[in-house]
1. Condition test on residue B:10, is it over 17 Å from residue B:127 (Cβ atoms) and in the same structural domain as residue B:98 (by TED's automatic domain parsing)?
2. Which numbered condition in (1) at pLDDT below 90; (2) within 26 Å of residue B:231 (Cα to Cα); (3) away from chain B (no Cβ under 14 Å) is the only one that residue A:83 fails?
3. Just to be sure, is residue A:64 within 17 Å of the chain's Cα centre (by Cα) and either at pLDDT 85 or above or within 14 Å of chain B (Cβ to nearest Cβ) (or both)?
4. Taking residue A:202, is it exposed (fewer than 12 other Cβ atoms within 10 Å of the Cβ), within 25 Å of the chain's Cα centre (by Cα) and closer than 28 Å to residue A:131 by Cβ?
5. Hey, any hits in segment A:31-38 for a residue that's part of a loop (DSSP other than H, G, I, E, B), within 14 Å of chain B (Cβ to nearest Cβ) and farther than 18 Å from residue A:109 by Cα?
6. Scan segment A:2-19 for residues that are more than 20 Å from residue A:101 (Cβ to Cβ), crowded, with 19+ Cβ neighbours inside 10 Å and either at the interface with chain B (Cβ under 9 Å from one of its Cβ atoms) or modelled with pLDDT under 95 (or both) and jot them down.
7. Only one residue in B:242, B:286, B:238, B:250 is assigned by TED's automatic domain parsing to the domain that holds residue B:176 and under 30 Å from residue B:186 (Cβ atoms), so which one is that?
8. How many of the residues in segment A:39-60 are in contact with a strand residue (DSSP E or B) (Cβ under 9 Å, 6 or more places away or on another chain) and within 14 Å of chain B (Cβ to nearest Cβ)?
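The values are calculated or read from the model by the stated rules, or taken from the named source; none is laboratory data. Treat the numbers as computed from the prediction; the structure is a model and nothing was measured. A quick note on method: Cβ atoms are made from the backbone with ideal geometry, for glycine too, and the neighbour counts reach across all protein chains shown.
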């Protein structure tokens, strides 16, 4: 598993590196000293795992994740920050308190590896193609105090709101700072379909489809939401589904 | 002590009774002499009257005490006083008359019903006056007592406020320091040793100051030095600091953890947010009877934060200074050229206030 350590303190990075020595499955491919540095290295090296400090100069750890198109697995590290601790506990995020206890580190690594084993096969399978964001990818979403790692598979619908996109999953509908067009370009076309100017639906969540005005279609999603398929897109949509 | 007070109060009561009625007796007696026509028979009625007065008001007092009139509302009290005044003046008049007859000071043919009313009215006024004085004294005393209670309460509140305002060690700092030390143990054992000493100094200081309102400047600045030393182990080349003061400020008493908190906040809100890091400078000098402390650091503080006294420990420090020194201490925070400068001026008392 390729990992990047993100922490502004050299000693903290050194100490974590030392603690990770016994874990042969973790290969540290880089260290980053702040969010900007980390974003560059993540884009370049595409790690499976981040050890991420929250308090850093410039953007903090959460803000870094929000900027990422798709988030790798993350184990947060923090010394003590009431606000962050609340966020971790509230959102069931994986975190380690510095100084880090070796056995807690072991538990966290076990959890992450268990989660990603099946994913690695899937990735190898598609790695030769142009890499789209698949249903197995996850995004980090923060909405006020709440934050989530959401698997794209769980997202029923993307809705455009200016420069933002609203995600619908479970009972939540937070906004992320990403235009619908940019998402459309990156999402796997086998799972996600742009039904009109304002919406992208997850095909796996479609419950039924009815004919609609002007030769368009009306898609009903599991959970009850209804979205219109524009006439232009309806043709493509029919083609796709008949495949 | 309470018994003493009680005895004292009793004494005062009797002095008042004797002086009051005695004074009344002397005053009347003098007027009587002034009008001429002195007779022993008549003169004897005055001390007599005074004695009866003392006795009756003493009974009234025991009723007042037993029935706790002092706790009644003014209206209730007024009716009670009015009623008792009428009753006592009537009894008194009757007693005086009876004794007069008995001692045959007056003869039956001298007796006039109007005279009885005059006597009753006069004694009534006396008793009423007595009551007014009695209750006024008590109200005044109660007022004083509640004033004292209020002051004691205020002092307790102030003490509590000061205690809570005294900044605690920041746990975030503690754990980060410990984490750095853990890394240093392998990398630079001697630096790790120094760091442990510095951390224990800070910890000891924070325990010590729980019991003090002010500490000598030197003790505080020693802690700040240890603190900055530890933070430098953590931030490495990203933190530069300078501490400057002349020996004449060493013994000036200052609130504990005040400079420490401000330096800590300077790092937390200032240079820890700058990827390239920055500096913290602490300077202190004596200006006549005042101590001037300046803490300058890289970073900026928003005007909003200054206005709302948020962050940087601004409101906390202001309140502490106000509680300890009133208007004599000054605090200011300014923003310029991407530096934040905190300035504190406080009275340079060399001993505790």
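1. Details: over 17 Å from residue B:127 (Cβ atoms): yes; in the same structural domain as residue B:98 (by TED's automatic domain parsing): yes.
Yes; evaluated as a whole, the condition is true for this residue.
2. For residue A:83, the failing item is (3).
3. Working: within 17 Å of the chain's Cα centre (by Cα): yes; either at pLDDT 85 or above or within 14 Å of chain B (Cβ to nearest Cβ) (or both): yes.
Against the criterion (within 17 Å of the chain's Cα centre (by Cα) and either at pLDDT 85 or above or within 14 Å of chain B (Cβ to nearest Cβ) (or both)), residue A:64 qualifies.
4. On the way: exposed (fewer than 12 other Cβ atoms within 10 Å of the Cβ): no; within 25 Å of the chain's Cα centre (by Cα): yes; closer than 28 Å to residue A:131 by Cβ: yes.
Judged against the criteria, residue A:202 is not a match.
5. Within segment A:31-38, the first condition is being part of a loop (DSSP other than H, G, I, E, B), and the residues that meet it are A:33-34.
From what is left, the residues that are within 14 Å of chain B (Cβ to nearest Cβ) are A:33-34.
Narrowing the set further to residues that are farther than 18 Å from residue A:109 by Cα leaves A:33-34.
Among the residues of segment A:31-38, at least one is part of a loop (DSSP other than H, G, I, E, B), within 14 Å of chain B (Cβ to nearest Cβ) and farther than 18 Å from residue A:109 by Cα, which makes the answer yes.
6. Passing the criteria: only A:8.
7. Details: B:242 fails: under 30 Å from residue B:186 (Cβ atoms); B:286 fails: under 30 Å from residue B:186 (Cβ atoms); B:250 fails: under 30 Å from residue B:186 (Cβ atoms).
Unique residue meeting the criteria: B:238.
8. If we filter segment A:39-60 for residues that are in contact with a strand residue (DSSP E or B) (Cβ under 9 Å, 6 or more places away or on another chain), which is where we start, we get A:39-42, A:44-56, A:60.
Now restrict to residues that are within 14 Å of chain B (Cβ to nearest Cβ): A:39-40, A:51, A:53-56, A:60.
Residues flagged as in contact with a strand residue (DSSP E or B) (Cβ under 9 Å, 6 or more places away or on another chain) and within 14 Å of chain B (Cβ to nearest Cβ) within segment A:39-60 amount to 8.
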